[in-house]
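Participant: For reference, the structure I am asking about is given below.
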Amino acid sequence: MTHQHPRILFLVRHGRSDASSSDFVPYRNGPQWDPPLDATGAEQARLLARRLLVMDPPAAVYCSPMRRARETVAPYVAATGAEVRYEGDLVEAHVGAWEGRSFEEIIAGDEQMLHLFRNQDAMWLHGPGAEDPHAFRDRVVSAIDRIVEATPRGNVLIVCHGLVINAYLSPLLGLEQHMFFLPDNTSLNTVLIEGHSRSLRFLNDVRHLTEPDLFVG
């Protein structure tokens, strides 16, 4: 039997979104907020690309079709010509009537939501008409597992969203809650793949933002 070397799955959160955007797209659970990156997010995407260029190239690149994710992967694609596959099941959780609203708007005058926010309890699943959290986790885990299985050799890079990253990593850690950390924009969160085994390797790495000179080719 041929021994297969361990591989790495990179789950990257998109760059900072333009909070002033009022752009929505139709999606399976209803209209979904689809902002571009703001100027800071665009710079984060540029620094992410510069980091990826000095790392071992991935065998496959996948991305959420949401605009903020597409714009995050774009500088890397422009530099390498890498083929990107867009996967609809990597779209962020739908938060119902809260789509496009800021935390400040959601918690304003709502003592229950303010209490949840202050006490590290996931708010998004309380949005009126929000996507069922168990169904969300199932679609995310199934999609990412399909992607990994479709790439039998080499590393895999996925550019997606904060709740998507939580949904995939929570089961690996045996966690029941639907959110356990806040991935920073363009952070690298990595999973070691050994056959059918998955194990967390590194969380929330943004050294390309804090120490960009380390990633100059």
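Participant: For the structure I just gave you, tell me whether LEU90 is under 23 Å from GLU149 (Cβ atoms) and of a type in the set (A, V, I, L, M).
Facilitator: In short, yes.
Participant: Would you please list the contacts, defined by Cβ atoms under 9 Å and residues six or more apart or on different chains, that run from a residue in segment 193-217 that is of a type in the set (Val, Ile, Thr) to a residue that is assigned to a strand (DSSP E or B)?
Facilitator: ILE193/ARG7; ILE193/ILE8; ILE193/LEU9; ILE193/VAL156; ILE193/SER199; VAL206/LEU188
Participant: Looking only at segment 188-212, which residues are within 20 Å of ASP56 (Cβ to Cβ) and in a helix (DSSP H, G or I)?
Facilitator: ARG207, HIS208, PRO212
Participant: State all residues of segment 59-86 that are at negative phi and open to solvent by 50 Å² or more (accessible area, probe 1.4 Å); if no residue qualifies, say none.
Facilitator: Step one: list which residues in segment 59-86 are at negative phi, which gives 59-80, 82-86.
Of everything in segment 59-86, those that are at negative phi and open to solvent by 50 Å² or more (accessible area, probe 1.4 Å) turn out to be ALA59, ARG67, ARG70, GLU71, ALA78, ALA79, THR80, GLU83, ARG85, TYR86.
Participant: If a residue has to be closer than 30 Å to GLU194 by Cα and open to solvent by 30 Å² or more (accessible area, probe 1.4 Å) to count, how many in segment 1-58 make the cut? Working first, answer last.
Facilitator: As a first pass, look at segment 1-58 and keep what is closer than 30 Å to GLU194 by Cα: 1-15, 45, 47-58.
The next check asks that each one be open to solvent by 30 Å² or more (accessible area, probe 1.4 Å); those that pass are 1-6, 13, 50, 53-58.
Result for segment 1-58: 14.
Participant: Okay, moving on. Assuming VAL148 fulfils every condition listed in (1) open to solvent by less than 90 Å² (accessible area, probe 1.4 Å); (2) under 15 Å from MET179 (Cα atoms); (3) modelled with pLDDT of 95 or more apart from one, which condition is it?
Facilitator: It is condition (2) that VAL148 fails.
Participant: Filtering segment 124-145 down to residues that are assigned to a helix (DSSP H, G or I) and without any contact (Cβ under 8 Å) to a residue 24 or more places away in the chain, which residue is farthest from PHE10 (Cα to Cα)? Show your work before the answer.
Facilitator: Let us first name the residues in segment 124-145 that are assigned to a helix (DSSP H, G or I), namely 124-126, 133-145.
So of that shortlist, the ones also without any contact (Cβ under 8 Å) to a residue 24 or more places away in the chain come out as 126, 134-135, 138, 145.
Working: HIS126: 29, HIS134: 23, ALA135: 23, ASP138: 19, ASP145: 13 Å.
The selected residue is HIS126.
Participant: What are the pairs with Cβ atoms under 9 angstrom where one residue, in segment 28-42, is at pLDDT 95 or above and the other, located anywhere, is open to solvent by less than 60 Å² (accessible area, probe 1.4 Å) and among the basic types (Lys, Arg)? Sequence gap at least six, or different chains.
Facilitator: The qualifying pairs are ASP34/ARG68; PRO35/ARG68; PRO36/ARG68; LEU37/ARG68; GLY41/ARG68.
Participant: Against the condition in a helix (DSSP H, G or I), in contact (Cβ under 8 Å) with a residue 12 or more places away in the chain and over 20 Å from SER17 (Cβ atoms), how does VAL164 come out, does it pass?
Facilitator: The answer is no for VAL164.
Participant: Sticking with this one: Only one of (1) modelled with pLDDT of 95 or more; (2) in a helix (DSSP H, G or I); (3) open to solvent by 40 Å² or more (accessible area, probe 1.4 Å) is not met by ASP89, so which one is it?
Facilitator: (3)
Participant: Okay, next question. Kindly provide the set of residues from segment 92-134 that are open to solvent by 90 Å² or more (accessible area, probe 1.4 Å) and closer than 13 Å to GLN32 by Cα, ordered by number.
Facilitator: Matches in segment 92-134: ARG101 only.
The values are calculated or read from the model by the stated rules, or taken from the named source; none is laboratory data. Predicted model only: the values in this text are computed from it and were never measured. Here the Cβ is made from the backbone with ideal geometry for all residues, glycine too, and neighbour counts use every protein chain on show. Quick note on the areas: whole protein, heavy atoms, side chains included, nothing else; ligands and nucleic acids left out. Shrake-Rupley method; radii C 1.70, N 1.55, O 1.52, S 1.80 Å.
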